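**Q** Have a look at this one before I ask anything.
The values are calculated or read from the model by the stated rules, or taken from the named source; none is laboratory data. For clarity, every value in this text was computed on a predicted model and none was experimentally measured. Note that each Cβ is placed from the backbone with ideal geometry, even for glycine, and that neighbours are counted across all protein chains shown. Accessible surface is based on the protein model in full, side chains and every heavy atom, while ligands, DNA and RNA are left aside. Shrake-Rupley method; radii C 1.70, N 1.55, O 1.52, S 1.80 Å.
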Amino acid sequence: MPQLHAQSYDLSAHGFYFESLEDYATKAAKNRNDYGEPVEEYEIQFIDGDHIDCDLATAWGINQANIGGYFKATEDWDDHDKRVFIIAVSEVGYRFDAETVSPDDFDVDIYHVDSMTELAEQFVDEGLFGEIPGHLAPYIDMDAIARDLAVDYSEAEIAGERLIYRAG
């Protein structure tokens, strides 16, 4: 579970740490500034948790209005779903509704390889270019295939892992 911090915009008030929407609501309702007035606006900051949840928070653009959806996503989505969302929003520029978003809303294919050349090799090995006789295999220019793939595929780094993706 990620730990977040609500930093008050009111300089006469203190912020607080929280780990769920309920925890946030309880602490925000009790928080008062030095003059006894309720604090209404906070900047929400990611403090601690899995690297992928940090990247998800950045892509999500966490704030007071959407942290409920963010917490739901951190609990319900697996790492693949989180990667799809991060790429779709941060890299491709998709928009989303924080209350109803699903990774299935985005057309993103992810490949766990470090380079376009590795992706080219994977595609050749999988037979994407048809059956290649063994005596011709050494003559295949993987770098040329990689350059062609770069037209439709892109690279990203998420949670310290280098990925290749294609978005439709």
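**Q** Two decimals, Cα atoms only, Kirkwood Rh: what is Rg/Rh over segment 1-73? Before the final figure, lay out the partial values.
**A** Working: Rg = 12.2 Å, Rh = 12.4 Å.
Looking at segment 1-73, the ratio lands at 0.98.
**Q** Mind putting a number on the dipole of segment 73-129 about its Cα centre? Charges go on the C-beta only, +1 for Lys and Arg and -1 for Asp and Glu, and I need it in Debye to the nearest 20. Please report the intermediate quantities before stating the final value.
**A** Details: 3 positive and 17 negative charges, 49 e Å.
Its charge dipole is roughly 240 debye.
**Q** If you roll a 1.4 Å probe over the heavy atoms of the protein chains, what accessible area per residue do you get for the chain, in Å²?
**A** 58
**Q** What's the whole-number percent of alpha carbon pairs in segment 87-155 lying beyond 16 angstrom? Intermediate values should be presented prior to the final figure.
**A** Values: 1350 of 2346 pairs.
When all Cα pairs of segment 87-155 are counted, 58 percent exceed 16 Å.
**Q** I've got another one for you. If you average 1/r over every pair of different alpha-carbon atoms in segment 42-83 and take one over that average, what Kirkwood value in Å do you get?
**A** Values: mean 1/r = 0.0960 Å⁻¹.
Here the Kirkwood hydrodynamic radius works out to 10.4 Å.
**Q** Here's a follow-up. If each DSSP helix of 4+ residues adds -39,500 (n - 2.57) and the sum is divided by the residues in the chain, what number results at 222 nm, nearest 500 deg cm²/dmol? Can you show the working numbers first?
**A** Numbers: 6 runs with 56 residues, N = 168.
Taking each H run of at least 4 residues, the total per residue is -9500 deg cm²/dmol.
**Q** What length, rounded to one decimal in nm, is gained on full extension from Glu155 through to Gln45, with 0.36 nm per residue of separation minus their alpha-carbon distance?
**A** Roughly 36.9 nm would be gained on extension.
**Q** Still on this structure, please answer the following. Please give the direction-averaged projected area of the C-alpha convex hull for the chain, in square nanometres with one decimal. It would help to have the intermediate numbers written out before the result.
**A** Values: hull surface 46.3 nm².
Result: 11.6 nm².
**Q** Tell me, what % of the accessible area of segment 81-168 is carbon and sulfur with a 1.4 angstrom probe?
**A** Working: 2250 of 5180 Å².
For segment 81-168, the apolar C and S fraction of the accessible surface comes to 43 percent.
**Q** Shifting gears a bit: What does the accessible area of Val108 come to, in Å² to the nearest 10, when a probe of 1.4 Å is used?
**A** Val108 exposes around 20 Å² with every protein chain in place.
**Q** Straight-line reach from Lys72: which lysines have Cα under 23 Å away, leaving out those fewer than 8 places along the same chain?
**A** Those lysines meeting the cut-off are Lys27, Lys82.
**Q** Taking the radius of gyration and the Kirkwood hydrodynamic radius from Cα positions alone, what is the Rg/Rh ratio for segment 1-42, to two decimal places? The partial results should precede the final answer.
**A** Numbers: Rg = 10.0 Å, Rh = 10.4 Å.
With Rh from the inverse mean 1/r over Cα pairs, Rg/Rh is 0.97.
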